[in-house]
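J.: Structure below; questions to follow.
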Amino acid sequence: MARGIEDVDSLLEQPSWNHLPDPFSIPSMEKAAARALDAIRNRERITIFGDYDCDGVLGAHILRSVLSGLGATARTSLPHRDEGYGLSSPTVHRFSCSGTDLLITVDNGINARSAVQLAQRLGIEVIVIDHHRIQDQADTTAVWSDGFCGAGLAAMFAWALALKAGWNDTKIERLLSGCSQYAAIASIADCVPLLLGTRTLARLGLAELSRSRHKGLQELLKTSCTDPSQPDSRDVAFGVAPRINAAGRMAHPAEALAVFEAALDEEAARQSVDRLNHLNLERRRTVKLHFEELVESVEPQAELP
């Protein structure tokens, strides 16, 4: 069946936070969380490096949010599409020059062997949070699983950090409620199998979206969903996600990130979403134009005798 679903009964079962796997069951999660907490306590300079698509943007936002909640001032960096996919040597040099002690990648990095080696030579430790197929694995601490998208793994990493920091159950549930909203959007957008932990995050995250008080999310749902009070997977796949992706395709992914940073500022949220709407219309016009040019370039097939 679609998205890896084979057991319809389990699909219909209402999930709870208890259905999520232990975050420390994911390889290297314990080590990665401990290193990040040490960096926070020692006031090290932390840089988060995401990607230009929906998953990478939302994963970076999840990490920045939880690190901020733990007292860190982490810098978030998203690449322009022209820079190419993933962590590169020029990007590492830039982080080194601007000052970075710990680099955390999300939705990329698992195969960036040479770039990670360069970072290590320059004195930067690297934590990779990624779900892509391993081809040439970087030799560093890697929180990797193909059972989640990048933002889903970021949510699990945030949970692990909160547990190691000693947050109480109420505070952790608030954290999961917030992270699940972004993980739900990214999981649907990235077309990962909706199974086990990913299914739980997606189902619960959609429910959290319906009652979100986040101004940026409210504005985005208002313009993207048939019924903003009850967003569903179709709304996310064909309304929310294309607007987020349009920023990385037509301008810079930071324009999408701005929506999620406008949690309390209604005017900033409205302006950021208006910008995404404009970029999405521009994307649709560009796709339409390219399709028409392609059709015109194809010569009519000769009629058969």
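J.: Can you give the calculated 222 nm mean residue ellipticity of the chain, where each DSSP H run of n ≥ 4 adds -39,500 (n - 2.57) and the sum is split over every residue, rounded to the nearest 500 deg cm²/dmol?
T.: Working: 12 runs with 165 residues, N = 305.
After summing the helix terms and dividing by the residues of the chain, the value is -17500 deg cm²/dmol.
J.: Give a residue-ordered list of calculated ³J(HN,Hα) values for region 164-172 (Karplus: 6.51 cos²θ - 1.76 cosθ + 1.60, θ = phi - 60°; whole Hz; x for Gly, Pro).
T.: My calculation for region 164-172 gives 5, 7, x, 5, 7, 4, 5, 5, 5 Hz in order.
J.: Let me ask you something else. Give me the net charge for the shell around residue 145: Cβ to Cβ below 15 angstrom, other residues only, Lys and Arg +1, Asp and Glu -1.
T.: Working: positive: 31, 133, 199; negative: 22, 30, 55, 107, 130, 146, 190.
Here the charged neighbours net out to -4.
J.: Give the lysines whose C-alpha is closer than 24 Å to that of residue 31, dropping any in the same chain fewer than 8 places away, or say none.
T.: In chain and number order, the partners are 164, 171.
J.: How do 82, 265 stack up against each other in accessible area, from largest to smallest, with a 1.4 angstrom probe?
T.: On the way: 82 135, 265 80 Å².
The residues order as 82, 265, largest area first.
J.: Give me the percent of the accessible area of the chain that comes from carbon and sulfur atoms, probe 1.4 Å, all protein chains in place.
T.: Numbers: 7450 of 14960 Å².
About 50 percent, which is the carbon plus sulfur part of the accessible surface.
J.: Relative to the present Cα-Cα distance, how much length would full extension add between residue 293 and residue 114 at 0.36 nm per residue of separation?
T.: Values: separation 179, 0.36 × 179 = 64.44 nm, distance 3.95 nm.
Additional length available on full extension: 60.5 nm.
J.: How far apart, in nm, are two points set 7 Å out from the Cα along the Cα-to-Cβ line at residue 19 and at residue 139?
T.: Between residue 19 and residue 139, the label points sit 4.2 nm apart.
J.: Using the Cα centre of region 147-305 as origin and beta-carbon charges of +1 (Lys, Arg) and -1 (Asp, Glu), tell me which of 167, 279, 290 is placed farthest towards the positive end of the dipole.
T.: Going by the Cα projections, it comes out as 167.
J.: Arrange the peptides 58-71, 88-101 so that the one whose residues have, on average, the most other Cβ atoms within 10 Å appears first. All intermediate terms of the calculation are to be shown ahead of the outcome.
T.: Values: 58-71: 23.9, 88-101: 15.9.
The packing order, highest mean first, is 58-71, 88-101.
J.: Could you do me a favour and compute the accessible area per residue for region 1-133, 1.4 Å probe, result in Å²?
T.: Accessible area per residue, region 1-133: 46 Å².
J.: I would also like to ask the following. List residues of region 189-212, by number, whose backbone nitrogen lies under 16 Å from a label position 7 Å along Cα→C-beta of residue 174.
T.: Flagged as within label range: 212.
J.: Sticking with this structure for a sec: Between residue 213 and residue 234, what FRET efficiency follows from the Cβ-Cβ distance if R0 is 25 Å, with the result rounded to 0.05? Present the calculation step by step, with values, prior to reporting the outcome.
T.: Details: r = 24 Å, r/R0 = 0.94.
Efficiency for this residue pair is about 0.60.
J.: If you average the C-alpha positions of region 278-296 and of region 35-66 separately, how far apart do those two centres end up, in angstrom?
T.: A separation of 34 Å, based on Cα centres.
J.: Report, for the chain, the % of DSSP beta bridges that are antiparallel, rounded to 5. Don't skip to the end; give the middle numbers.
T.: Values: 0 of 16 bridges.
Looking only at bridges with both residues in the chain, the antiparallel portion is about 0 percent.
The values are calculated or read from the model by the stated rules, or taken from the named source; none is laboratory data. The structure presented is a predicted model; accordingly, all values stated were derived computationally and were not measured. Using ideal geometry, Cβ is built from the backbone for each residue, glycine included, and neighbour counts are taken over all protein chains shown. We work out accessible area using only protein heavy atoms, side chains counted, and drop any ligands, DNA or RNA first. Shrake-Rupley method; radii C 1.70, N 1.55, O 1.52, S 1.80 Å.
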